Amino acid sequence: MGAWLKIEQKRGLIEKAAECPAMTQHELAAWAKVTYKLKRAPAQTTVSDILQRARVIMSDDNGDGRRRKPLRVTSLALESELWEWIQKLEYQGICLSRELILMKARDIQRARCDAWVLYFSDGWLTAFQKRHGLRYHQQPGEASSADPAAVALGRQQLQELTDLYEAKDIYNMDETGLCYPMAPARSICTKGARGVKKNKTRITVALTANADGTDALPPLFGDMPNSRIASRSAQQKNWGSAIAEHQGVDDRAFLPPNTTAYLQPLDAGIIAAFKVAFRGRQLRWVYEKIKRGDKIDKNAYKIDQLQAMQWSKEIWDDLQGNDTVENCFRHTGISFNAVDERSKNVDTSYGDDVDVDEIIIRASQLNL
């Protein structure tokens, strides 16, 4: 018995026969075996049947080239209309579920009075998803909700403002939540560890840096959830105004809504670098406790708020002069003075990283 060929392989064989009409069917079978790395060559009758049905096999209606047999759909009209509906909603950014798809499928069948009896089982829906490459994906965040036109306009307006100043005189401020006592979410272990309630205590940190990375204002801290820093209403604007007056700021500009993922320099990697450095400092702190033989429990990573604030200030001071800040400003394109052809690689390295795996292994030996 000869080898089975996928549709795309059959199409390749047909194209080879058209390209080399002098080749016999036995030679085409031998060519297919070598080209597609088959265990055995297709039978001569198989090659003959493929060539006779060349027009059907080469048509798009014959199905996906990765399949061995052409796709047979019970109701092509329903399938086509349902697929168009899904594509339309996907373009609009609407989140879909299996339940929604089944509801629409039933409505289409009722509207068409389709003669085929479809029960829309889980198997039918799973097969439909496979046919069209549908699967669950994590919904993107703020970046996908930004209007490209608003991003372009906001960038242009900011460039017109920042063009009046040198890079060292252009500052960006943003805030972030810091869950300072929380342990890592994952652990390296031989078996599943017992669940431990996460310590979600956090403070809000407001960070401010200039475009060339030469100056970083001292971080400001607020206690969640009642901090003025945490408020995104008029209180925050008043707080920002007070800071601006204290620092002698000439002009202030707020980013358009939903554009911070594209236009906010601190969101472009500066805050991420800050948090990576903070986590590295915390891991080294835990490792030193383990080396000293201190008593360790499940709260090994817990630090107090004062310690978190001290670390934050030290880390933020160390970021001055780091290429991360300058590169992130350049990446957003909000300042002509910050855009050039120098290295665009964001350097998020921060000191000598401790071996995290070693920390986890040593901690597990102490029955954390």
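Nothing in this text is a laboratory measurement; each read-out follows from the coordinates by a stated rule. All of these numbers come straight from a predicted model, not from anything done at the bench. Here Cβ is always computed from backbone atoms with ideal geometry, including for glycine, and neighbour counts include all displayed protein chains.
Of the cross-linked pairs Lys10/Lys104; Lys289/Lys313; Lys16/Lys88; Lys291/Lys313; Lys6/Lys104; Lys10/Lys130, which ones have a Cα-Cα span greater than 30 Å in the structure shown? Please list the in-between numbers first.
Values: Lys10/Lys104 36 Å; Lys289/Lys313 22 Å; Lys16/Lys88 39 Å; Lys291/Lys313 26 Å; Lys6/Lys104 33 Å; Lys10/Lys130 22 Å.
The answer is Lys10/Lys104; Lys16/Lys88; Lys6/Lys104.
For Glu8 and Trp285 in one chain, what is 0.36 nm times their gap in residues minus the Cα-Cα distance, to one decimal in nm? Don't skip to the answer; put the middle values down first.
Numbers: separation 277, 0.36 × 277 = 99.72 nm, distance 5.77 nm.
Residue separation times 0.36 nm, minus the Cα-Cα distance, leaves 93.9 nm.
Peptides 17-27, 80-90: what's the order by average Cβ count within 10 Å, highest mean first?
Values: 17-27: 11.7, 80-90: 14.4.
Per-residue Cβ counts within 10 Å, averaged per peptide and sorted highest first, yield 80-90, 17-27.
Report the net charge of residues surrounding Glu90, where surrounding means a beta-carbon distance below 14 angstrom and charges are Lys +1, Arg +1, Asp -1, Glu -1. Walk me through the numbers before you get to the answer.
Details: positive: Lys88, Lys104, Arg135; negative: Glu84.
After counting each charged neighbour, the total is +2.
Please give the Cα centre distance for the range 20-40 versus the range 322-336, rounded to the nearest Å.
Measuring centre to centre over Cα atoms gives 57 Å.
Taking the Cα centre of the range 7-62 as the origin, how large is its charge dipole in debye, to the nearest 20, when only Lys and Arg (+1) and Asp and Glu (-1) carry charge on their Cβ atoms?
On the way: 9 positive and 7 negative charges, 60 e Å.
Dipole of the range 7-62, to the nearest 20 debye: 280 debye.
Could you sort 161-167, 322-328, 34-40 so that the peptide with the highest average Cβ count within 10 Å comes first and the rest follow in order? Spell out each step's value before the answer.
Values: 161-167: 14.9, 322-328: 23.3, 34-40: 10.7.
Going from most to least packed, we get 322-328, 161-167, 34-40.
Taking Rh as the Kirkwood radius computed over C-alpha pairs, what is the Stokes-Einstein D of the range 7-62 at 10 °C in a medium of viscosity 1.306 mPa s, expressed in µm² per second? Display every interim value, and only then the final one.
On the way: Rh = 11.2 Å.
D = 142 µm²/s.
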